[in-house]
Each structure stands twice: as C-alpha cells, then as structure tokens.
Amino acid sequence: MHDTIEARGAGAASPARTPRSPSIGRRILRALAPLPWIGPAIILIAAVVLWPVIEMAWTSLLKVSSSGKTLGFNGTRNYHDLFAETGLVSVLLRTVVWVVGVVLVTIVVSLALGQLLNARFPGRRVVRWAVIVPWAASVLMTALTWNWMLNYSYGVVNKILQGVGLIDHPVNWLAHPTQALIWMMWVAVFVSLPFTSFVILAGLQTVPQEVYEAARVDGAGRARTYFRITLPLLRPALLVAAIINVINVFNSFPIIWAMTKGGPGTKTDTSTTFMYKLAFVGSGSVGESAAMAVVNFVLILVLVLLYLRAVGWRGEAQP
Amino acid sequence: MKRHLTGVIAAGLTVTLGLTGCSKGSSSGDSGDNKTIRFVAAIYDDKTKSLWDSLIKTFEAQNKGYKVNLEMVDWTQMDAKVKTYVQTKQTPDILNYNAFADFARDGLLFPTSDVLSPQVSSDILPSFVEGDKYKGTQYGMPLLSSVRLFFYNKDIFKKAGISAPPKTWDEVKTDAQKIKDKGGKGVFPLGLPLGAEESQAEFFMWAMNNGGGYVDQSGNWAIDSQANVDTLNYLKDLSKSGLTQPNPETTDRKDVFNQFAQGKIGMLNGAVFMPAGFINKVNAKLPYAIAPLPTKAGGTPSTLGVQDFLVAFKNNGGKKKDAVSKFLNFFYQTNNVANFQKEEGFLPVTKSAGDVIGKAVPYDKPFIDALPNAKFYPTGNAAWGPLANTVKEKLGTAITGDPKSVLSELQQTAQKNG
C-alpha cells in the first residue's frame with residue numbers, strides 16, 4: 001500500500017529515478033542484459049521488416065524519373081498524383097469487395113470442410129490430403145490453369161457449360177470485368193480453403209469432448225450445440241484464420257496478374273496490382289507506386305485493427 | 001559481467017557487419033573487370049538466345065580477354081526489369097529495348113558517336129536515325145525493324161465473295177459483314193487487338209490512315225484530336241456490330257496472330273514477322289496475301305514502322321566504353337547484323353544489310369518498299385516511354401467506354417511527362 005502511494009508520487013513513468021536504485025549505469029546494464037539473446041532477432045526484424053517499410057515510405061517522398069533514376073525529394077507530390085488517378089476510387093472499392101467477399105466465403109466453406117474433416121469416416125486421411133492439394137500447388141499455376149479453362153475459344157468451362165446447355169454461345173469470361181472478378185474471387189477462395197479449413201480443424205480438435213457430452217445430457221439439439229458450443233470455442237481459430245486470410249487476400253497478386261492483369265484498363269485491379277502497374281506498367285512512376293504502397297500498408301493495418309475491435313479481441317489469439 | 005556483455009555485443013556486431021560487408025563485396029565484384037560487359041537482350045522468339053550466343057562466342061574468340069555476359073529477358077518482363085535495373089543502379093552495359101529517350105534525358109547513356117565507329121554510324125538507314133535522337137544527339141542504335149501491312153486470308157475472302165482487299169474503311173466494314181455472313185463458321189471477320197500487349201500500335205495504324213496520330217505536324221502531342229476520336233468511334237462500331245473477334249479491349253496481338261494462322265480470322269493488320277513467328281509454325285500453307293493498310297477515304301496508305309534499339313549505358317563513369325564499343329562495332333558488321341535480322345524475320349536497319357537481305361528474302365520486298373511511307377513512334381520524346389505504357393493499358397477501354405474521355409486522359413498523361 002505504502003509502495004503504491006510512493007510510486008504514484010514519484011511519477012510511475014520514471015521508476016529509474018527511485019532512490020533505492022544502486023546506480024543508473026548498473027540499471028541500464030541490467031535492462032540490457034537480455035540483449036545478447038534477443039539481439040539477433042531484433043536485428044533480423046529490423047533488417048527484413050522495419051527497414052523495407054522505412055525505405056518504402058521514403059521512396060514515396062522521392063521524385064523518380066520514368067527511366068527509374070532518382071531525381072531528388074518530391075514532397076507530397078506523389079500522393080497528390082495518386083489521389084488524382086481516375087481509377088483509384090473504384091480500385092479501392094473493388095479491393096474491399098475482393099477482400100471481404102473472398103475471406104467471408106472462404107471461412108463459411110472452411111467451417112463446413114473443417115467439420116467434415118473432423119468427422120470419423122472411412123478414407124478420412126485421403127480426403128484430408130486431397131484438401132491440401134490446392135495449397136501445395138503454386139498459386140500462379142492454379143491461376144494460369146483457370147485462365148486456360150476460361151479461355152474463349154479453347155476453354156473447358158465454355159465447353160462444359162455449352163454441353164450442359166446452360167449457355168448457347170461461348171462466353172469471354174475474363175474480358176467482362178464483373179464476370180472476371182467473380183471468377184478470380186472463386187480462384188482466390190479455392191486456394192485459401194486448405195489453410196483455413198486446417199486451422200479450423202485444429203480448433204475443432206481442441207474442443208473437449210466432455211462439453212459435448214454435457215450438452216447432450218442437457219438435451220441440446222445439433223444446431224444448438226453447434227452455435228452455442230462449437231462456434232464460440234472456435235473463436236481463437238477463426239480469429240487467426242480471418243486475419244491471416246485478410247492479409248493474404250489483400251496482398252494477393254498472382255491470381256489477378258495471371259488471369260486479367262487487372263484489365264481491361266484498371267477495371268479488375270485491386271490496390272495491390274494497381275500499385276504494381278503504377279510503377280511498371282502505366283506512366284511508370286515509382287514514387288507514386290510507393291505512395292500507393294504506403295496507403296495499402298495503412299489500409300491493411302486499419303482493416304485488421306477494425307476487425308480486432310469488432311470481434312472484441314482480448315489477446316485470445318495468443319496461446 | 002560488464003566485460004562479458006560488451007564482448008558478446010561486439011561479437012554480434014562483428015558478425016552482422018561482416019555479413020553485410022560480404023554481400024556488398026560480391027555485388028560490386030563483377031564490375032571490377034573493364035573487359036567484361038553485361039548485355040541484356042530481349043527474347044523475340046525461340047531462336048534469339050542461340051543467335052546471340054553464337055555471335056558472342058565469335059566475338060570472344062576474336063577478342064581475347066573480352067567477355068560478354070548475356071541475360072535474356074522476355075518482353076512481358078522487360079519494362080519492370082529495366083526500371084528496376086535503373087533504380088537499383090544495376091544497369092547493364094548494353095540493353096536491347098524499345099525506348100531510350102528518358103534514359104538519355106537522365107544522362108545515363110553514351111551518345112552513339114562515343115561507341116560506334118563512323119563507318120557503322122553512316123551505314124544506318126537515314127529513315128531510322130531521326131527516331132534515334134534525343135534533342136539532336138543520337139543515343140539509340142537500331143537493332144532491327146518491322147513494318148506492318150494488311151494481311152488477309154484468300155480462302156475466306158473467296159468464300160465470302162470478295163475479289164480484292166479493302167482499300168477504304170467503308171470497304172473494310174462491308175467486307176467484314178460479308179465474311180460474317182458467308183465466311184464460314186467460327187471465323188472472325190477482322191482481328192483487332194486493342195489489349196495491353198500492343199494497343200499503341202494497332203490504334204496508331206488506324207489513326208494515321210485517318211490523318212491522326214500521337215503528335216501533330218509540329219511535334220506537339222495531339223492524342224485527343226478529332227481524327228483520333230473518329231478512329232476509335234469507327235473501331236468501336238466495328239466491334240459492336242460483331243465484325244471483330246469478341247472483346248478487342250482484352251485481346252492481345254499474339255492471340256489474333258495465332259488465330260489468323262489457324263485460319264480463324266479473315267483480315268488484320270499483320271507484321272513482317274508474322275509468317276516466321278506465327279503462320280509457319282501452325283500451317284505453312286495458309287493461303288494469305290498482303291496489301292497496304294486501308295485508309296479512311298482511300299488516300300495514300302501509310303503504315304507503322306517500328307525500330308527496337310540497342311543502348312549503351314555509361315556505368316561507373318564509363319570505364320567500359322572500350323569493351324562496349326568493340327562489341328557493338330562487331331555486331332554491326334554486315335554479315336552479323338544481316339544474319340540476325342534475317343533469322344529473326346525482321347527488316348534490316350543498315351544499308352549494307354539491306355542489300356544482303358533484299359536479295360536473299362523476296363518475301364521482305366513489299367515491306368522494304370513500304371518503309372518510305374512508314375511512320376514511327378515519337379521515340380525521341382522522353383515522354384513517349386511512359387505514354388506508350390499508359391496507352392497499352394488504357395486505350396482498349398475506349399471500345400466499351402467513351403473514346404473522347406479516354407483519349408483526353410492519355411493527352412494529359414503525355415503532357416504531364418513532358
């Protein structure tokens with residue numbers, strides 16, 4: 001009790017100044033004592049995480065010539081140019097549709113898949129392996145395969161749909177922005193399913209059987225058991241799955257690049273492919289592209305924080 | 001305790017510094033030797049690499065101690081790679097690319113007079129030299145050129161009852177309608193690639209035959225001119241009437257060239273390299289013929305000439321000038337350059353190679369004849385590189401959107417870049 005009052009009086013923010021400490025140097029040294037052990041990790045993080053972020057933010061303030069040569073400081077001009085891009089607003093809106101749509105569908109389907117993989121049935125091991133396949137295959141390969149399957153003249157999708165009688169004429173799926181976006185979202189869901197369903201499967205396996213037994217004894221039905229017991233207990237797993245998927249899907253480049261390159265124009269671009277195009281395809285402004293990268297970085301931070309807030313995160317994602 | 005800790009930190013720092021030191025050392029190591037040059041070349045087809053390989057082998061045998069490290073880059077990767085080279089200061093010593101003016105503006109290049117012997121310089125065809133200059137100084141060296149002409153499938157034309165290739169835009173439309181009606185199942189009347197691969201070329205070919213283009217008589221940007229708007233409206237109408245392949249805005253040139261080779265397209269703006277690169281691979285007996293590009297009202301047809309360049313980067317204060325110059329002068333020897341262009345199916349860029357190829361390849365004659373009326377991109381303008389990329393990206397959207405607003409956006413891009 002006495003301690004607390006004293007600490008408040010002395011200013012809790014600077015405990016180093018409390019008279020009991022032997023000497024400032026010694027205290028600093030003691031604080032630094034763990035450094036040899038965590039030092040390498042800090043250096044690694046600084047080198048591969050912090051430094052690129054700083055470099056990115058710095059580049060967004062530079063004037064980079066169309067040839068790629070750095071010409072000097074550019075202030076906020078890159079940001080002005082970026083926000084003056086005609087396609088930007090629709091690209092950002094499309095990014096939201098893309099991320100929310102893909103992640104939502106992925107999680108709903110994965111919940112079902114996770115349940116299936118958790119059930120006991122003959123051949124379960126084979127099914128579990130089969131679900132991993134889209135994960136093991138390269139995303140670019142998957143996207144290219146779908147690109148061919150959706151081809152106007154040779155694609156198998158048109159052949160099948162015509163054979164079944166759903167369409168009369170072949171459809172140039174990837175040429176129409178809306179259709180193309182839906183197909184690409186489907187591919188994104190397809191490649192996100194394995195990871196998500198396995199995270200959910202892992203979550204399902206941590207739910208103790210006794211809880212279910214108790215529910216059965218109390219006479220809860222299947223739906224009630226699922227929504228009142230399984231889902232709440234899956235929360236940590238869902239949280240991890242959702243956040244990792246949001247980040248992955250937001251940053252997803254190969255699917256869109258392999259299937260439409262964001263075209264026609266910027267009509268199927270997300271902010272990730274748009275960023276690439278600003279630097280390497282369009283008028284070739286590396287600085288403006290870096291500005292887009294900074295905006296993307298902030299967006300994804302905000303998106304994740306909003307999500308954490310919405311689900312009332314209290315550190316439960318940590319083990 | 002204190003000494004121990006300091007020791008550990010010191011050891012840790014030494015290790016990290018040592019590591020970064022090593023990586024620095026190895027990256028700058030390759031530039032130490034003034035006789036070794038790095039050459040980044042574009043892949044035109046399957047043969048390109050072996051052509052360069054054998055040229056380099058001969059060069060290295062003739063010039064002891066000199067070495068050329070060849071890197072092949074696909075055209076789809078080229079823009080991104082080149083920009084990264086410049087930004088990370090890893091420019092090759094010689095680059096094969098389709099633009100040079102913004103490098104010249106930023107002072108990255110040797111003027112050609114520094115690296116080419118006077119004989120070679122004077123051997124370059126005069127029609128190309130103008131497009132090799134930035135502000136009056138020549139920086140680009142033409143590697144090869146191509147000219148576009150109108151290709152049509154004689155079988156499809158016969159089936160549709162068309163006796164001669166169309167000369168005017170009205171004839172293009174009526175002929176396309178005939179092909180649509182009678183040309184056969186699954187045949188698209190006109191191939192119109194306005195996708196991201198090369199829409200800047202396709203648009204220019206139609207626009208120049210309507211008196212339009214990228215710049216006006218005095219060299220100012222004129223992308224949003226009425227002639228250009230009319231051109232896009234005409235093409236938009238063709239597409240809407242179902243006279244082209246579906247969705248020109250997402251169709252790449254290679255797609256329609258392939259379909260033409262398969263006999264699925266009646267007519268299109270083809271290129272000199274189409275037989276070597278596309279038709280002969282699929283069906284060498286394809287009954288095609290070549291004609292001048294159709295014009296709006298039947299005037300003198302112009303066509304698009306394209307030259308790709310070699311440029312020499314002034315790396316490390318230009319200390320490799322001697323080696324770069326040796327290799328370039330070697331390449332521009334008549335037989336070397338002629339053989340390269342002949343094998344690749346492109347047109348010559350030097351007078352002496354022109355004589356060799358003109359005799360050896362009769363197919364090239366109509367294209368060489370078309371050169372005097374060919375128009376080139378404004379490659380000497382530093383804004384052209386970025387503009388071309390934006391055109392590729394955005395022009396196709398005019399087919400589904402509003403041509404006028406697309407063109408005025410492009411006009412703004414051009415003016416913003418200079």
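A cut-off of 5 Å between modelled amide H atoms, ignoring neighbours fewer than 5 places along the same chain, links residue B:168 with B:295.
Taken over the Cα atoms of chain A, the convex hull encloses 250 Å³ per residue. Each of B:321, B:351 was scored by other Cβ atoms within 10 Å of its Cβ. Arranged with the fewest first, they read B:351, B:321. Each of A:80, A:176 has some number of other Cβ atoms within 10 Å of its Cβ, and from fewest to most they run A:80, A:176.
Counted by Cβ distance under 12 Å from residue B:309, the other residues give a net charge of -1, where Lys and Arg count +1 and Asp and Glu count -1. Annotation: the antiparallel percentage among DSSP beta bridges lying fully within the protein assembly as shown is about 60.
Loop-located trypsin sites (Lys or Arg not before Pro) in the stretch B:115-166 (DSSP state other than H, G, I, E, B) with a sparse environment of at most 12 neighbouring Cβ atoms within 10 Å: B:135. The phi-based Karplus calculation (6.51 cos²θ - 1.76 cosθ + 1.60; θ = phi - 60°) puts the 3J(HN,Hα) values of the stretch B:266-272 at x, 7, 6, 7, x, 9, 4 Hz, whole numbers, x for Gly and Pro.
Only Cα sites of chain B enter the Debye sum here, all with the same form factor; the resulting log10 I(q)/I(0) across q = 0.09 1/Å is -0.60, listed in q order.
Using the membrane-span-like helix rule (whole DSSP H runs, Cα extent along the own axis of at least 30 Å, mean Kyte-Doolittle hydropathy at least -1.0), which helices of chain A qualify? Counting only whole DSSP H runs, the qualifying helices are A:88-118, A:177-206, A:286-310. Angle check, please: helix B:75-87 long axis (alpha carbons) against the longest principal axis of chain B (alpha carbons), in degrees 0 to 90, nearest 10. Between the helix axis and the principal axis of chain B, the angle is about 40 degrees. Think of each Lys and Arg Cβ as +1 and each Asp and Glu Cβ as -1; about the Cα centre, that makes the dipole of the stretch A:87-317 roughly 400 debye. Overall form of the stretch B:179-328: oblate. Here a/c, set by the Cα gyration tensor axes a ≥ b ≥ c, is 1.5 or more, and a/b is not larger than b/c. Taken about its Cα centre, the stretch B:266-369 carries a charge dipole of about 300 debye when Lys and Arg each add +1 at the Cβ and Asp and Glu each add -1 at the Cβ. Sorted from longest to shortest, the spans of the Cα atoms of the stretch B:274-325 along the three principal axes equal 53, 34, 13 Å. Placing unit charges on the Cβ atoms of the charged side chains and taking the dipole of the stretch A:87-317 about its Cα centre, the candidate lying farthest along the positive direction among A:289, A:304, A:209 is A:209.
Amide H to amide H distances under 5 Å link residue B:43 with B:73, B:74, B:75, where only residues 5 or more positions off or on other chains count and H is placed in the peptide plane. Computed on the Cα trace of the protein assembly as shown, the radius of gyration divided by the Kirkwood hydrodynamic radius gives Rg/Rh = 1.05. Between 0 and 90 degrees, rounded to the nearest ten: what's the tilt of helix B:384-394 against the longest Cα principal axis of chain B? That works out to roughly 60 degrees. Going through the cross-link list B:264/B:392; B:158/B:342; A:277/B:83, which pairs have a Cα-Cα distance over 23 Å in this structure? Too far apart for the 23 Å limit: B:264/B:392; B:158/B:342.
For the stretch B:96-101, the Karplus equation 6.51 cos²θ - 1.76 cosθ + 1.60, evaluated at θ = phi - 60°, returns couplings of 10, 8, 10, 8, 8, 5 Hz by residue, with Gly and Pro reported as x.
Think of each Lys and Arg Cβ as +1 and each Asp and Glu Cβ as -1; about the Cα centre, that makes the dipole of the stretch B:330-418 roughly 160 debye. Legend: translational diffusion of the stretch B:211-269 by Stokes-Einstein, Rh = Kirkwood radius over C-alpha pairs, 25 °C, 0.890 mPa s; D = 184 µm²/s.
In sequence order, the stretch B:114-125 has phi-based couplings of 6, 10, 9, 5, x, 4, 4, 4, 7, 7, 5, 4 Hz under the Karplus curve 6.51 cos²θ - 1.76 cosθ + 1.60, θ = phi - 60°, and Gly or Pro positions carry x.
Within a straight-line Cα-Cα reach of under 17 Å, residue B:320 can be paired with the following aspartates and glutamates, leaving aside sequence neighbours fewer than 8 residues apart in one chain: B:30, B:33, B:60, B:93, B:114. The H on the amide N of residue B:350, modeled in the peptide plane, is under 5 Å from the matching H of B:125, each at least 5 residues off or on a different chain.
Values quoted throughout were computed directly from the atomic coordinates according to the rules given, and no laboratory measurement underlies them. None of these values were measured; they are calculated from a predicted model. FYI the Cβ positions are ideal-geometry reconstructions off the backbone, even for glycines, and counts take in every protein chain you see.
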